[in-house]
Every structure is written in structure tokens, then in C-alpha cells.
Amino acid sequence: MTVENGTFEKGHVPWNKGKMGISGPWRGKKRPPFSDEWRMNMSKAKKGKVPKNLDLLHSPECRKKQADAIRGRKVPAEQREKIRQSLKNRIKRLGYMNSPEAKQKMSLAKQGSVPWNKDKNCPQLAGANNGNWKGGTMSRMLERVSNLAWKRRRREIYQRDKWTCLYCGKHVRKDIQCHHVMPYRLTQDDSFKNLITLCCICHALFERTFDHEFLFQGKLFSA
């Protein structure tokens, strides 16, 4: 029973107190997922039905009044600080601010694990079978750098150079790039001698300057 203000009277017992949420043979067990046929039947049964809360939705006039009421309202400094702390804690939960010890543990846990699709071709997802297929409009350069053979060769170059930019000496991971000493458009040479590891900044400098001997100052490939 309820009183006039909509609250329950003292001593009121809910109808579902002490009852399980599911009955039958699956009580206390994890119910298996619905089959496709079952889902199709549920979809057909709900077609044409009007939601019960359709009349409870706010009208456009009511929503406009609500928007006008909060427009221009300033959030207190205390509330802004609470929002800032909640967002900060959310970033921590997402793992963007892991401690060095946690990063070290995650690195050690992943050592030795090999991805299931490493160096594997997936013809069922290649070409016209891929959802992003646009009819073969990929440029020649993008097609060349997307080739699996080139990716393997590029990684071999990175490992040979110990993931270090050979011009500035910086240890790179994310901004690492493989550079052709003699441009590929002139030689089509992907040999080990013609490939080096550079960072993004040094690679951009090399692409704008063709005098490689001057940039290297005779230190690389002098033999």
C-alpha cells in the first residue's frame, strides 16, 4: 500500500521479496543464449506494438523549456572540481595512467606470446571479400606498403637497426619509418643495403633533401 505522497507505508513487503529472478530448470544456473529462431520469433511478436512509455516522453515544447531553463547556468567551482576528479579517476580506470611498475608487469606478461594471425594471410577478408573494398581504387604506393612481404622486410630492417633512428640516434617505436636511401621511384630497390631506419622528423627531412651523402656526412654505408 502507498500513502498520498507516493511512498510505501512502513512494514510494506515487496511482492518479489525472497523470490528468484528466473524459474524453471534454469534456476541457479546460467541460461544459454537465445537461438536465432527464438530471436526471430520475438522480433515478429513485437512488430506493430506501441511502447507503454510512448505517452510519457516529453513533448518538443517541454524539452525546449527545459533547455531554456539550464541555458547560461554556471556550474559552481565545487561541482567542477568533482567532475574533474571523476574524469581523472575514469582515465586511471581506462589504463591511460598506469604506474611504471604496472607497465613493467604487463610487458613481462606479454613477452613470448605470439598473435594468432602473425604472418598469416586472410583471403576470406582480402580484396572484394573485405567490407571496406572500394573496387580496387587503392594507389600503387599504398598497395605496395600494405603488402605482407614489405611489412616483413620493414620489420627486419627495424630489428637490424635496433629500433633506432640512424640519423639522430633516437630510440623509436611509434614514429618509426623505413627509408630508401636511393628513392624507390627511381630504383625499385628493396634490398637491405638500400633501407634504413629513421624517425618521422628525420624521414621528412630526407624526403625534402636529395643530397643523402651530405646529410649522412659519410657516416653510413661508407663501405
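Worth pointing out:
- For the pair residue 133 and residue 160 in one chain, pulling the backbone fully straight at 0.36 nm per residue adds 6.2 nm over the alpha carbon distance.
- Full extension of the segment from residue 204 to residue 78, taken as 0.36 nm per residue of separation minus the current Cα-Cα distance, would add 40.6 nm.
- Ranked by how many other beta carbons lie within 10 Å on average, peptides 105-115, 78-88, 158-168 from highest: 158-168, 78-88, 105-115
- 14 Å beta-carbon shell around residue 149, net charge (K/R +1, D/E -1): +3
- Projecting label points 7 angstrom from Cα along Cα→Cβ for residue 120 and residue 65 puts them 6.1 nm apart.
- For region 179-185, 3J(HN,Hα) per residue [Karplus equation, 6.51 cos²θ - 1.76 cosθ + 1.60, θ = phi - 60°, Hz, x = Gly/Pro]: 10, 8, 4, 9, x, 5, 5
- Modelled FRET efficiency - R0 22 Å, residue 151 with residue 98, Cβ distances, 0.05 increments: 0.15
- Between residue 41 and residue 88, the FRET efficiency from the beta-carbon distance, with R0 = 41 Å, is close to 0.30.
A short reminder: the numbers here are calculations on the coordinates, not readings from a lab. All figures in this text were calculated on a predicted structure; none of them were measured in a lab. Here the Cβ is made from the backbone with ideal geometry for all residues, glycine too, and neighbour counts use every protein chain on show.
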